[in-house]
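The values are calculated or read from the model by the stated rules, or taken from the named source; none is laboratory data. Remember, it's a predicted structure, so these values are computed and weren't measured experimentally. When we count neighbours, we look across all protein chains shown, and the Cβ atoms used for this are built from the backbone with ideal geometry, even at glycine.
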């Protein structure tokens, strides 16, 4: 489902979208870029969470394996 929204973007971003959209609409290209940015942000947050988890030195192997499996399940849903 698509929702019509209005956002203000900077000129250089608009130029980039226009230059890279190809045969697609600008809206399709912006949505593609936003989806990619969301995934990148999720990975960054997960890396931070993992670093904090392993930084305390208290994680044993079973906890580490459970965390790894949960992380993989999270990204397999995307």
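For segment 57-78, does any single residue satisfy the condition of being touching a residue at least 12 places away in the same chain (Cβ under 8 Å) and loosely packed, with under 10 Cβ neighbours inside 10 Å? Yes, segment 57-78 contains at least one residue that is touching a residue at least 12 places away in the same chain (Cβ under 8 Å) and loosely packed, with under 10 Cβ neighbours inside 10 Å. The residue list 30, 17 contains one member that is modelled with pLDDT of 95 or more, in a helix (DSSP H, G or I), touching a helix residue (DSSP H, G or I) at 6+ places or on another chain (Cβ under 8 Å) and under 25 Å from residue 75 (Cα atoms), which is 30.
Just one of (1) loosely packed, with under 10 Cβ neighbours inside 10 Å; (2) within 21 Å of the chain's Cα centre (by Cα); (3) within 26 Å of residue 75 (Cβ to Cβ) fails for residue 7. It is (3).
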